[in-house]
Structures are given as C-alpha cells and as structure tokens.
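Worksheet for the structure shown next.
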4 protein chains.
Amino acid sequence: MTREAAHDILQAAQARLLEQPFSALLNAEILAIGPGRCELRVPVSRDLQQQHGFLHGGVVSYAADNALTIAGYRAMNQAVVTSEFKINYVRPAIGDAIVARAQCVHAGKTQAVCRCEVYAVSDGTERLCAVAQGTVALLSKPAG
Amino acid sequence: MTREAAHDILQAAQARLLEQPFSALLNAEILAIGPGRCELRVPVSRDLQQQHGFLHGGVVSYAADNALTIAGYRAMNQAVVTSEFKINYVRPAIGDAIVARAQCVHAGKTQAVCRCEVYAVSDGTERLCAVAQGTVALLSKPAG
Amino acid sequence: MTREAAHDILQAAQARLLEQPFSALLNAEILAIGPGRCELRVPVSRDLQQQHGFLHGGVVSYAADNALTIAGYRAMNQAVVTSEFKINYVRPAIGDAIVARAQCVHAGKTQAVCRCEVYAVSDGTERLCAVAQGTVALLSKPAG
Amino acid sequence: MTREAAHDILQAAQARLLEQPFSALLNAEILAIGPGRCELRVPVSRDLQQQHGFLHGGVVSYAADNALTIAGYRAMNQAVVTSEFKINYVRPAIGDAIVARAQCVHAGKTQAVCRCEVYAVSDGTERLCAVAQGTVALLSKPAG
C-alpha cells in the first residue's frame with residue numbers, strides 16, 4: 001500500500017469516528033489502523049478526570065471499547081458493535097493522553113475476539129494502565 | 001433511618017459524584033443509595049450518542065462502572081476503585097436516560113464483588129440494555 | 001405442565017448432560033431446569049479438590065459454564081455453546097456439593113446473555129462461592 | 001540460571017501442581033515456567049470431552065485458570081489464588097492436547113493481572129482455541 005493510500009484509510013476512519021458525538025466530545029483520535037488492529041488516542045483534559053485528578057476509568061474503558069470495535073471492524077470489514085468486553089485497570093491513568101492499542105486474535109463469520117492494551121502517555125513515556133478483551137459482533141437489527 | 005437522614009446521604013453521595021469532572025460532564029445523578037447498592041442515572045443527550053443515534057456504549061459502561069464502585073463503597077465504607085469489570089450489552093440504549101442499578105454480592109476485607117443492570121428508560125418504561133459484574137477494591141497508593 | 005412432563009424434561013436434560021464424558025467424570029447432575037434457567041449440582045469428592053482441600057476453581061467454573069450453557073439452551077431452544085464467560089470467586093468452595101443456578105437475562109436471535117450464582121452446600125446450608133456472567137451462542141460449524 | 005536449576009524449578013512446580021488432586025485427575029503438566037509466566041499442558045482424553053468429541057470447555061477454562069494462577073505466583077512469589085477471570089473460546093479444542101500459556105502483565109503488592117492463550121495441539125501444529133484474562137490475588141484467610 002502506498003503511503004497516500006494508508007493516509008486515506010486513516011483519514012476515513014477518523015471521519016467515521018467523529019460521526020460519534022461522544023467520541024468527538026472526548027477528542028478521540030485514531031493514530032493508526034490496519035487489518036485487525038487499531039490505535040486510538042484520547043488526550044487528558046480536566047473534564048475527563050475523576051476526583052483524584054486521574055483520567056476517569058470511564059474514559060479508559062471508552063478507549064478500550066472503541067479500539068476493540070475498530071480492530072474487529074478492520075478484521076471483518078463489516079459494520080460491527082462491541083457486544084461484550086472485560087477490562088482490568090492496572091494503574092491510574094496520569095499524563096498527557098491515553099493510547100489504546102487493540103488487535104483481533106480471532107475472526108469468525110459473525111464475530112471477532114479482540115484484545116487491547118491501554119497506555120498512559122506522559123512526556124513521551126508509555127505506562128500500561130489497563131488491559132481489555134472482548135467480542136465484536138456483526139451489527140444486526142435490535143432484537144426487541 | 002429518618003427520611004431526612006436518607007436525603008442527606010443521597011445529597012452527600014451526589015456531591016461526591018460531582019467532584020468527578022467526567023461525571024459532571026455526563027450529567028450523572030445518583031437516584032438512590034443504600035448499604036451495598038446504588039442507582040445511577042445518565043440522561044441521554046446528543047453529545048453522548050454514537051453514529052446510529054443510540055447512547056454510546058462508553059456511556060453505558062461508564063454508568064455500570066461507576067454504579068459498581070459506589071455500591072462497593074457502600075458495602076465496604078472505605079475509599080474504593082473499580083479494579084476490573086465485565087459488561088455485556090444486550091440492547092441499544094435508546095430513550096430519555098439510562099439507569100444503572102448495582103448491588104454488592106460479596107464484600108471481603110479488601111474487595112467487594114458487585115453486579116449491575118443498566119436499563120434504558122423511555123417514557124417511563126425500562127428495558128434492560130446491559131449487565132455488568134466486577135470487583136471493587138480498597139484504594140491503595142499507585143504501585144508504580 | 002404436569003409433574004410427569006416436568007420430570008421427563010429433567011430426565012432428558014440429565015441424559016444429554018451425561019453424553020458429555022467430562023460431566024459424567026465430575027458426577028454432575030441437573031437438579032432443575034426451566035425456560036431460560038438451570039440448576040446444576042456437582043458433589044465434592046477428593047478428586048476434585050485443590051491442594052488446600054477446597055473444591056478446585058476449575059470445577060466451580062465448569063459448573064458455572066455448563067449451567068450458563070443449559071440456561072441459554074432453554075432460552076433459545078437450539079443447540080448452543082458458551083462462547084465466553086467471566087467468573088468471580090468470592091469464597092472457597094467447601095462442603096458436600098456445589099450448586100450452580102443460571103438464568104438467561106436476554107435472548108436474541110443468535111445469542112443469549114446469562115448469569116449464574118454458584119453456592120457451596122454444607123449440611124443443607126448454602127453459601128455463595130462464585131458469580132458468573134457470559135454469552136451463549138448458537139452452535140455453528142467451526143470457523144477454521 | 002543453569003540448566004539444572006531451571007529443571008529443578010520446573011520439577012518443583014510440577015510437584016506442587018500434582019498436590020491438586022483435580023490437576024492430577026486431568027493429567028495436567030507444567031511444560032515451562034519463568035518469572036511471571038507459565039505453560040501448562042493437558043492431554044486430550046475421552047474422559048475430558050463433551051458430547052461432540054471436542055475437549056470440554058471446562059477443561060480449557062481449567063487450564064487457563066491454573067496457568068493464570070501459576071504465572072501470577074511466579075510474578076509475586078507468594079501464595080496466590082485466581083480471584084476472577086474471563087475467557088473467550090474461539091475454536092473447538094480438537095487434537096492431542098491443549099497448551100495454556102500465561103503471562104503476567106502487571107504485578108502490584110496484593111494482586112497481579114495476567115493473560116493467557118490456550119492452543120489446541122494436533123500433530124505438532126498449534127491452533128488458538130481460547131484467550132483469557134484475570135486477576136491473581138494473594139491468598140488470604142476465607143472472609144467468612
């Protein structure tokens with residue numbers, strides 16, 4: 001793939017991400033994308049913190065969840081949603097931003113299983129702050 | 001407990017919740033609180049949606065995570081954090097608000113296991129949209 | 001349903017369970033079954049313990065997993081497998097037997113989400129020893 | 001470390017594993033062990049299958065659970081138990097044996113978070129059949 005094609009794919013993915021008002025509210029940004037993988041960044045801001053000045057766990061789990069979805073989408077190439085996931089928080093998220101890196105570990109016909117590591121980035125240094133694992137499923141009509 | 005005492009506890013819990021800028025950003029509200037349980041509401045707004053007009057999964061998982069933490073806090077009566085949780089999304093969250101109801105199922109000396117159901121509320125009717133389960137642990141200093 | 005019909009359903013479910021050599025090895029028994037629910041018992045024996053004399057966690061998770069599957073099967077009435085689950089152990093499993101009680105909380109067209117509580121039974125007294133939550137999916141051919 | 005020392009550590013770990021009657025019943029074997037990691041093998045036998053001739057999910061989750069525990073033990077060097085874990089089954093376990101490989105991703109003072117991949121081994125070829133993630137905690141006295 002040419003550098004231009006890769007750039008176009010990244011731009012398109014970022015545009016789709018910003019169609020989610022909540023992702024826009026959090027200033028989420030896709031840093032990289034590829035077959036079965038995605039790297040998503042959320043900058044730390046005062047609004048996204050909890051009472052101790054750390055990034056709120058809800059922002060960390062948002063980043064993990066969304067990175068899982070996009071990795072699964074890039075593995076299955078069809079519209080998908082995260083149907084379930086699990087996250088372990090291992091360190092407070094302190095710093096300038098978090099980066100969630102997700103990879104698909106298995107893609108079947110109707111769902112993909114993906115994993116994600118979330119790092120807190122501070123002055124260019126990354127520290128693991130959470131790990132997640134979940135299922136991304138083809139989008140179907142609501143079951144009622 | 002008198003009605004006044006219960007009201008004071010609820011007010012104090014709500015005040016603590018709003019010390020989290022992210023919870024304030026999401027307009028989260030504690031509807032009820034008691035020993036080992038918590039009921040948390042997040043109103044649906046355009047900002048909190050994803051691209052299909054549903055509430056973003058990240059908001060649903062925020063509500064579950066925070067309700068688990070508060071239920072665990074009210075079981076252990078010490079400062080706690082959610083150390084891990086798992087969520088299954090079962091229906092798109094559509095409506096006026098979501099309500100997350102969490103209960104502690106077992107509290108030990110250093111951690112509590114809690115469960116949560118998240119309902120989408122539309123015109124006064126509730127529909128289950130997610131279930132979660134996780135561990136709430138005593139807050140300790142970051143392990144480095 | 002007549003008592004005879006209920007008895008026949010239970011007998012048929014137990015016969016299917018024993019078609020699993022591993023369930024037979026563990027002497028698992030279905031105590032009750034109904035729409036979207038299942039109650040499974042595993043008697044404690046020396047062979048199923050870990051080094052401290054408690055029932056091995058692997059037996060507790062087997063019971064949870066299988067009860068989830070059967071509850072999902074009885075919700076969807078089609079051949080299913082557990083595709084994922086999560087378990088929190090809350091107390092050592094000590095006593096005469098464990099009983100796993102699973103309920104379906106939502107059934108869609110292709111999968112069901114179920115929850116389970118596992119109790120240790122000792123002299124007729126039950127104590128919660130684990131809680132689980134997972135997804136039961138229609139059985140499909142291996143994806144390769 | 002000399003080859004002899006590594007061999008002794010492996011032998012000691014295997015001896016401890018076999019102190020668990022359930023691990024002995026399943027013929028589980030530790031193939032490799034190191035700081036924060038463990039590789040555990042369970043040979044497929046008729047007794048451990050489910051009704052379709054695949055290894056029972058309960059055996060796969062046993063292997064994941066135990067490998068997580070041992071990896072956490074080797075990260076913390078104190079007596080530990082798996083307090084919770086989550087597993088996604090991605091393929092039926094068919095073949096001669098399964099091998100569960102677990103790694104600690106973060107160790108704190110009271111618990112470690114570990115991940116595990118389970119492979120089905122058939123004629124020397126490995127295929128991923130499950131991924132797991134969980135928490136290993138210092139062993140404490142039962143909380144009552």
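Bear in mind these aren't lab numbers, they're just calculated from the coordinates by the rules spelled out. As the structure is a prediction and not an experimental result, all values here were calculated from the model. Note: ideal-geometry Cβ built from the backbone for every residue, glycine included; neighbour counts use all protein chains shown.
Sorted largest first, the spans of the alpha carbon positions of the range C:5-125 along the three principal axes are 43, 29, 27 Å. From the alpha carbon centroid of the range C:54-124 to that of the range D:1-32 is 30 Å. Only helices enter this figure: runs of n ≥ 4 DSSP H residues, each worth -39500 (n - 2.57), summed and divided by the residues of chain D, yield -9000 deg cm²/dmol at 222 nm to the nearest 500. Pair-distance distribution P(r) for the range A:33-74, from all Cα-Cα distances in 5 Å bins starting at 0: 6, 24, 25, 17, 13, 9, 5, 1 percent. From least to most packed, judged by other beta carbons within 10 angstrom and beginning with the fewest, C:His52, C:His106 follow the order C:His52, C:His106.
For the protein assembly as shown, the spherically averaged projection of the C-alpha convex hull amounts to 27.6 nm². Restricting attention to the protein assembly as shown, the count of lysine pairs at 8 or more positions apart or across chains with alpha carbons under 20 Å apart stands at 16.
When chain A is described by a simple charge dipole with +1 on each Lys and Arg Cβ and -1 on each Asp and Glu Cβ, the residue from A:Ala97, A:Asn77, A:Ala67 located farthest towards its positive end is A:Asn77.
Around the Cα centre of chain D, unit charges on the Cβ atoms of Lys, Arg, Asp and Glu (plus for the first two, minus for the last two) sum to a dipole of about 400 debye.
By DSSP, the beta bridges lying fully in chain D are antiparallel in about 100 percent of cases.
Less than 5 angstrom separates the built amide H of D:Asp96 from those of D:Val121, D:Ser122, D:Asp123, all sequence-distant by 5 or more or on a different chain.
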